[in-house]
1. If I ask for residues that are open to solvent by 70 Å² or more (accessible area, probe 1.4 Å) and part of a helix (DSSP H, G or I), which ones from the stretch 220-250 would you list?
2. Any residue at all in the stretch 13-26 that's in contact (Cβ under 8 Å) with a residue 24 or more places away in the chain, in contact with a helix residue (DSSP H, G or I) (Cβ under 7 Å, 6 or more places away or on another chain) and surrounded by fewer than 19 Cβ atoms within 10 Å (Cβ to Cβ)?
3. Taking the stretch 115-148 as the search range and keeping residues that are among the hydroxyl-bearing types (Ser, Thr, Tyr) and more than 16 Å from the ligand (Cβ to nearest atom), which one is most open to solvent (accessible area, probe 1.4 Å)?
4. From the list Ser174, Ser215, Ser203, Ser179, which residue is open to solvent by less than 60 Å² (accessible area, probe 1.4 Å) and either modelled with pLDDT under 95 or within 19 Å of Ile230 (Cα to Cα) (or both)?
5. Could you count how many residues in the stretch 74-112 are open to solvent by 40 Å² or more (accessible area, probe 1.4 Å), in contact (Cβ under 8 Å) with a residue 24 or more places away in the chain and either more than 21 Å from Ala39 (Cα to Cα) or within 16 Å of the ligand (Cβ to nearest atom) (or both)?
6. Evaluate the following for Thr132: is it among the β-branched types (Val, Ile, Thr), over 23 Å from Ile189 (Cα atoms) and modelled with pLDDT of 95 or more?
7. Inspect all residues belonging to the stretch 50-70 and state whether any of them is out of contact with any helix residue (DSSP H, G or I) (no Cβ under 7 Å at 6 or more places or on another chain), of a type in the set (D, E, K, R) and in a strand (DSSP E or B).
8. Can you tell me how many residues within the stretch 187-199 are more than 15 Å from the chain's Cα centre (by Cα) and open to solvent by less than 60 Å² (accessible area, probe 1.4 Å)?
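The values are calculated or read from the model by the stated rules, or taken from the named source; none is laboratory data. Remember, it's a predicted structure, so these values are computed and weren't measured experimentally. Don't worry about glycine lacking a Cβ; one is built from the backbone with ideal geometry, like all the others, and counts go over all protein chains shown. Please note that ligands, DNA and RNA were not included when accessible areas were found on the heavy atoms of the full protein model with its side chains. Shrake-Rupley method; radii C 1.70, N 1.55, O 1.52, S 1.80 Å.
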Amino acid sequence: MDHAPESALFRRLDDHVFLAELGGPTPLNVGLILGQDIAVLVDPGPAEGDHQALLAAVRELSSAELVVVNTHGHPDHIGANELLLREGVQRIFAHADAGVETATDLVSAEPVTLHLGGGVDVVLEHLGRAHTEGDLVVGVRAEDSTGIIFCGDLVREGDDPEFHDSYPKEWVRSLGRLSSMSGTYSRFIPGHGQEVDAEFIGSMRRRMQQGYNVSSQAIRDAVNDATKAIPIIPYGPGESRELITRLRGR
Ligand SMILES: [Zn+2]
């Protein structure tokens, strides 16, 4: 059992799981899951940034082999991969459709379980296309687990979800699947924003369903100017426009 203290960067979430918030006006949530043999870093962050400080903070907490998981392919989540490879990381997991060139291990439809040692497992799972074509959620399993799952940008707290690379209809379905996992997981860590609960996931799904319905109707009604629907879509003007664009494109 690991009882490492907190570090300058990482805050403890439970016996096995730590969280760091990295930079910027919308900080990225970087997860760290510790087992006896393997430590998993979830989304190491953008290319710019103090990666040596991040690695040092990880090493303060664990000297186990470090494995990286990317929740999806956006640069603010994966930019640090290259440096970590140079620093000796040998395995980077990402979804096969995430477009992560630095990934060494690709996950597809079948969930992948990593055994970290000491009874701690991490399950990488693709719930369907959503925020991007290749999103993964990263669930922590242990006997004394508090039910933490890292959701990447599949879940967004404190701001609208980002639609520019999304598959809105499938995203609604993926959020339904995530909701249905609430028997196993109760603490949902978004890519950006505060930890949320199953109720939040349910309401995010309902709002997105409503946004999808209103936008689809607007596209059917007014083929040339669906943007008239923007005021009644339950998101700000920027993301409402992106949502319509993604729906028109297919
Ligand atoms: Zn993203």
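1. Answer for the stretch 220-250, where residues must be open to solvent by 70 Å² or more (accessible area, probe 1.4 Å) and part of a helix (DSSP H, G or I): Arg220, Asp221, Lys228, Pro231, Ile232, Pro237, Arg241, Thr245, Arg248.
2. The answer is no, given that none of the residues of the stretch 13-26 is in contact (Cβ under 8 Å) with a residue 24 or more places away in the chain, in contact with a helix residue (DSSP H, G or I) (Cβ under 7 Å, 6 or more places away or on another chain) and surrounded by fewer than 19 Cβ atoms within 10 Å (Cβ to Cβ).
3. Let us first name the residues in the stretch 115-148 that are among the hydroxyl-bearing types (Ser, Thr, Tyr), namely 132, 145-146.
Next, from what is left, pick out any that are more than 16 Å from the ligand (Cβ to nearest atom): 145-146.
Details: Ser145: 38, Thr146: 54 Å².
Selected residue: Thr146.
4. Result of the check over Ser174, Ser215, Ser203, Ser179: Ser215.
5. Final tally of qualifying residues: 5.
6. Here the answer is no, as Thr132 does not meet what is asked.
7. Step one: list which residues in the stretch 50-70 are out of contact with any helix residue (DSSP H, G or I) (no Cβ under 7 Å at 6 or more places or on another chain), which gives 50, 52-65, 67, 69.
From what's left, of a type in the set (D, E, K, R): 50, 59-60, 65.
Then keep just the ones that are in a strand (DSSP E or B); that gives 65.
Yes, that holds for at least one residue.
8. Going through the stretch 187-199 one residue at a time, the tally reaches 1.
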